[in-house]
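Following: one structure in structure tokens, then a few remarks.
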Protein chains: 2
Amino acid sequence: MSGWLAIAGLGPGDDRLVTPEVTAALAEATDVVGYIPYVARVADRPGLVKHPSDNRVEIDRSRLALSLARQGRRVVVVSSGDPGVFAMAAAVFEALEAGPPDWRALDIRVLPGITAMLAAAARAGAPLGHDFCAINLSDNLKPWATVERRLRLSIEADFAIALYNPRSASRPEGFERALDLLRETCEPTRVMIFARAVSTPDESLRVIALSEATSGMADMRTVVLVGSSATRIIPREGRPLVYTPRSEPA
Amino acid sequence: MSGWLAIAGLGPGDDRLVTPEVTAALAEATDVVGYIPYVARVADRPGLVKHPSDNRVEIDRSRLALSLARQGRRVVVVSSGDPGVFAMAAAVFEALEAGPPDWRALDIRVLPGITAMLAAAARAGAPLGHDFCAINLSDNLKPWATVERRLRLSIEADFAIALYNPRSASRPEGFERALDLLRETCEPTRVMIFARAVSTPDESLRVIALSEATSGMADMRTVVLVGSSATRIIPREGRPLVYTPRSEPA
């Protein structure tokens, strides 16, 4: 009768990066809905029904979650990272807007999480320490021309840039084109960070110059950070520290 | 002898948005260093020394923290939000780079947190559900011309835009200029969100059209989100939901 829907971010992988707010919502939930590997991160317990689903069915999944909440269930839709950044929150609101009017009366909350670029930046130092942008390189959902235009303007604005979903098996060429565009428009020493599966046992982090970057360094578990022209490297024993200064000289 | 330095994000205000990783670091710390109101958020306990300092002394504060860690203390530098987003991490690395070489051998970690734009976006719906950027409107640290250029290019790129530090008593005119620029370049119905002190007892959230926005709606505790041209409002009883669709038609 008093159902609700929480769209929750599980962070990048380590349970120590899950907020207590999300943990509390999961403890009260009757149903967990999401992509298979994210639902698998939630511990089983009596009374909790799991609804894992495959990739690319985000709208069906959202409709299921909204329907369950409408029936009085306490539903958590899980995303990795932050649900509002290239994740489930926008999909749920798309489904809600197109759905029956009574869905709008539901108790719906979005519970933020640590998104991939912030986890990656923290591991590297502070590469997003000045103005920055986040671009989803997947062209499943938008024309490549849009990706390219945004990337060009971001470089012109001298943002640090976070590239989400840089590369998948089904579209290996997009990230190669993005690298070509970076090579055309940035100096060869531009700092790049390839951060894969940060905070999980599979974590790897590579700090390199643009001139050394190849598209094979990224996959769907990688977020790629491109420094601004001001981004600096502090050499030291082991992996260097990377940061973008807060200030720009007048 | 085995000192360390953690640069930690306390999130936007609610303790339920502090990650367990940050809580654990604070529990092991001997010293907490930071801006007065953020240090005040850390509970006192025997053996914990607090070093609160005022605004605009970020480099001095960083040097103190690095020196303490070098002396073998376990030091947490606290920021609100995420330490890597317009906060203390870049300042610490600036101080480290300019400081004595032995500082580079320190055990330094950055612990991510929920940054203001993600907390604000979650409250509003999913306004950052597609490509977006974050711009610090403070011109203490960079020329206004840079702010304006980035804002123009961001609008041209059709990003959703998060504006941090939009307005302070010492520089009331910058945000007014930013609003003028938005009025020149965006349609009057462009969605804006003024999110103040999200997750604290002082929280307020206002969703309005650009044509209704005035500079007095923002202060230093406000993050302002500007939708992209695709950002949508779902009307309902009470506050509407705001989201930016994941996809762009080809």
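The values are calculated or read from the model by the stated rules, or taken from the named source; none is laboratory data. Bear in mind that the values here come from a model prediction, so they are computed numbers and not experimental data. Neighbour counts are summed over all protein chains in view; Cβ atoms, including those assigned to glycine, are modelled from backbone coordinates with ideal geometry.
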Kindly indicate whether any position in the stretch B:86-93 is surrounded by fewer than 24 Cβ atoms within 10 Å (Cβ to Cβ) and either at the interface with chain A (Cβ under 9 Å from one of its Cβ atoms) or in contact (Cβ under 8 Å) with a residue 12 or more places away in the chain (or both). no
Quick check on B:Ala250: is it at pLDDT 95 or above and not charged (D, E, K, R)? no
Looking at A:Glu187, A:Glu176, which is the one that is assigned to a helix (DSSP H, G or I) and away from chain B (no Cβ under 14 Å)? A:Glu176
So A:Arg232 passes all but one of these: (1) more than 14 Å from chain B (Cβ to nearest Cβ); (2) farther than 15 Å from A:Leu137 by Cα. Which condition number does it fail? (1)
Looking only at the stretch A:194-249, filter to residues that are part of a helix (DSSP H, G or I) and polar (S, T, N, Q); which one of those is surrounded by the fewest Cβ atoms within 10 Å (Cβ to Cβ)? A:Ser211
The number of residues in the stretch A:170-202 that are in contact (Cβ under 8 Å) with a residue 40 or more places away in the chain and either closer than 29 Å to A:Leu17 by Cα or not assigned by TED's automatic domain parsing to the domain that holds A:Cys133 (or both) is 8
